[in-house]
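Any read-out appearing in this document is the output of simple, stated calculations on the displayed coordinates, not a laboratory observation. It should be emphasised that the depicted structure is a prediction, and the values quoted were computed from it without experimental measurement. Every residue, glycine among them, receives a Cβ derived from its backbone with ideal geometry; neighbour counts consider all protein chains shown.
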Amino acid sequence: MGKALIIGAGGVGRVVAHKCAQNPDVFEEIIIASRTLSKCDELKKELDGGKTKVHTAQVDADKTEEVINLINRYKPDIVINVALPYQDLSIMEACLATKTDYVDTANYEPPEVPKFEYKWQWAYKEKFEKAGITALLGSGFDPGVTGVFTAYAQKHYFDEIHYIDILDANAGDHGYPFATNFNPEINIREITALGSYWENGKWIETKPLEIKRTFNFPEIGNMDIYLLHHEEIESLAKNIKNVKRIRFWMTFSQKYLTHLQVLQNVGMTSIEPIEFEGKMIQPLQFLKAVLPDPATLGPRTKGKTNIGCIFRGIKDGKPRNYYVYNVCDHQECFKEVGAQAVSYTAGVPAMIGAMMVLTGKWKKPGVFNVEEFDPDPFMDALNKNGLPWKEDFSPEILD
Ligand code: NDP
């Protein structure tokens with residue numbers, strides 16, 4: 001039925017490629033393209049012999065012209081961008097120039113400013129409408145499934161959602177004293193930034209990791225959670241009417257936080273370039289180079305993730321609480337696709353987002369976040385593609 005160009009062959013790209021190949025009726029052909037061709041070729045070797053035809057290509061996605069040439073060469077129906085957030089705009093430009101649909105999992109962030117906002121990508125709305133193509137933004141797990149969960153709660157269980165708490169727990173252990181589960185540069189930029197949440201129509205800022213709670217996660221147990229700024233807060237605040245507060249929480253172990261604090265104190269997490277032996281380097285990029293590659297964590301990571309949303313609001317004039325979540329096992333993910341659960345939980349929804357657009361279920365000209373579409377076919381696809389979800393109507397409530 002369709003041809004997808006996957007840009008990025010890291011942890012998430014690997015999962016997307018495997019998952020597309022598991023759905024050959026939708027993805028007849030895939031092109032895996034990335035900066036390092038050998039990573040694409042390695043994936044092709046794993047996937048060759050299946051029903052989906054696999055091609056590979058080298059591309060520097062910072063260069064719109066290169067992406068345009070690649071699209072013109074293979075003529076995909078959709079581009080699945082799982083490179084880094086820095087490439088979002090150059091790839092969207094290439095999609096516009098070639099009238100090709102677009103899906104990503106993380107919003108644009110300028111390399112020199114550690115601040116992610118949707119304004120740069122939302123600014124393309126009119127251009128995509130005029131070109132008659134769809135851009136689906138943030139179709140990973142968080143953002144992504146968390147927005148679909150919200151649309152599902154709104155559609156089936158609430159007249160008004162007043163409070164949303166998004167909870168992302170990773171109880172996996174990779175055995176290293178310190179490593180990040182996805183791109184260390186993106187991960188550390190996110191965690192060391194100021195925290196914030198949405199309340200009564202405005203942003204409330206906090207110091208990094210200032211607000212802490214503990215939460216008893218189903219199938220994982222008690223964990224410390226910290227309030228972070230996260231991109232879906234921005235789109236949900238815009239798209240969910242009458243919402244009073246939206247917060248995002250993530251678990252961190254004490255060991256992780258202690259290492260991070262030391263690295264911060266000695267200046268290793270800075271993105272300000274410094275001169276080193278006659279060359280300008282960015283400390284955070286250097287740190288990334290010495291930390292374990294997240295793609296190598298798969299075989300060593302044991303334990304589970306639990307990501308979900310707790311909603312509070314009203315239905316038929318009565319208060320209602322609702323918790324929907326997915327539990328994912330690192331080792332099972334690794335057995336299936338050779339990646340740990342953090343990459344898996346982002347890659348499966350990226351494939352499903354592309355599937356929604358390719359099958360016409362979520363095909364509409366413009367730039368959209370996932371919660372703007374009918375959640376039902378996506379929720380159904382999560383159950384069928386390795387991310388089944390569970391519901392709880394009397395969950396623990398965070399103060
Ligand atoms: P990785 O660093 O493992 O992979 C990134 C890939 O993109 C690498 O293959 C890299 O190439 C490639 N790449 C980087 N720059 C370019 C470029 N200029 N041109 C072409 N290819 C490039 O990251 P992850 O796979 O962990 O993450 C991928 C994306 O998914 C990120 O944007 C991340 O923020 C997002 N994500 C979203 C989540 C969600 O739930 N929404 C959760 C986790 C991640 P090379 O191999 O040469 O370095």
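Site pair Lys364 and Lys127 shows an inter-label distance of 2.2 nm when each label is modelled 7 Å from Cα along Cα→Cβ. Taking Cβ atoms as reference points and 15 Å as the exclusive limit, the residues near Met223 contribute a net charge of -2, counting Lys and Arg as +1 and Asp and Glu as -1.
Need one number: convex hull volume per residue for the stretch 173-281, Cα atoms only, in Å³. If you can, show how the numbers build up before the last one.
Details: hull volume 16.1 nm³, N = 109.
Given the Cα convex hull of the stretch 173-281, per-residue volume reads 147 Å³.
A Förster radius of 51 Å, combined with the Cβ-Cβ distance separating Asp374 from Gln264, puts the computed FRET efficiency at roughly 0.75.
Note on Ala97 and Thr206: the extension gain reaches 35.2 nm, defined as 0.36 nm multiplied by sequence separation minus the Cα-Cα distance. For the stretch 40-90, the list of trypsin sites (Lys or Arg not before Pro) that fall in a loop by DSSP and count at most 14 other C-beta atoms within 10 angstrom reads Lys51, Lys63.
I need to check one value: relative contact order of the chain, counting alpha carbon pairs closer than 8 Å and at least 6 residues apart, in percent. Can you show the working numbers first?
Numbers: 869 pairs, mean separation 82.8, N = 399.
So the answer I get is 21 percent.
Remark: relative contact order (the stretch 154-278) = 31 percent; criterion is Cα-Cα distance under 8 angstrom and separation of 6 or more residues. Cβ under 9 Å from Phe373's Cβ, Phe373 left aside: what net charge do those residues give with Lys, Arg +1 and Asp, Glu -1? Cβ neighbours under 9 Å give a net charge of -1.
If you count, for each residue, the other Cβ atoms within 10 Å and average over each peptide, how do 348-359, 374-385, 330-341 line up from highest to lowest?
Working: 348-359: 27.6, 374-385: 16.7, 330-341: 21.4.
Going by the mean number of other Cβ atoms within 10 Å, highest first, we get 348-359, 330-341, 374-385.
In a DSSP loop and with at most 10 other Cβ atoms within 10 Å, there are no GluC sites (Glu not before Pro) in the stretch 176-222.
Restrict the search to the stretch 233-303; then list the GluC sites (Glu not before Pro) that DSSP places in a loop and that have at most 13 other Cβ atoms within 10 Å of their Cβ.
Numbers: sites: Glu234, Glu275, Glu277; in loops: Glu277.
Qualifying residues, ordered by number: Glu277.
Diffusion coefficient (Stokes-Einstein, Kirkwood radius over C-alpha pairs, 4 °C, 1.567 mPa s) for the stretch 274-364: 75 µm²/s, rounded to a whole number.
Of all lysines in the structure, those lying under 26 Å Cα to Cα from Lys130, and not within fewer than 8 positions of it along the same chain, are Lys3, Lys63, Lys75, Lys99, Lys119, Lys238, Lys361, Lys363, Lys364.
Taking the three principal axes of the alpha carbon atoms in the chain, the coordinate ranges are 56, 55, 40 Å, sorted in descending order. The stretch between Gln285 and Asn242 holds 11.4 nm of extra length on full extension. This uses 0.36 nm per residue minus the Cα-Cα distance.
Excluding same-chain residues fewer than 8 positions from Lys207, which lysines have a Cα within less than 18 Å of its Cα? Qualifying lysines at Cα under 18 Å: Lys115. Extension gain for Leu257-Asn383 works out to 42.0 nm (0.36 nm per residue, less the C-alpha to C-alpha distance). Extending 7 Å from the Cα toward the beta-carbon at both Leu194 and Leu37 defines two label points whose distance is 4.6 nm. Entry note, the stretch 313-399: relative contact order of 43 percent, from Cα contacts under 8 Å with a spacing of 6+ residues.
Spin-label pair Glu117-Phe393: with each label point 7 Å from Cα along the Cα-Cβ axis, the two points sit 4.2 nm from one another. Altogether, the Stokes-Einstein calculation at 37 °C and 0.692 mPa s, with the Kirkwood radius of the stretch 145-337 over Cα pairs as Rh, returns a diffusion coefficient of 179 µm²/s.
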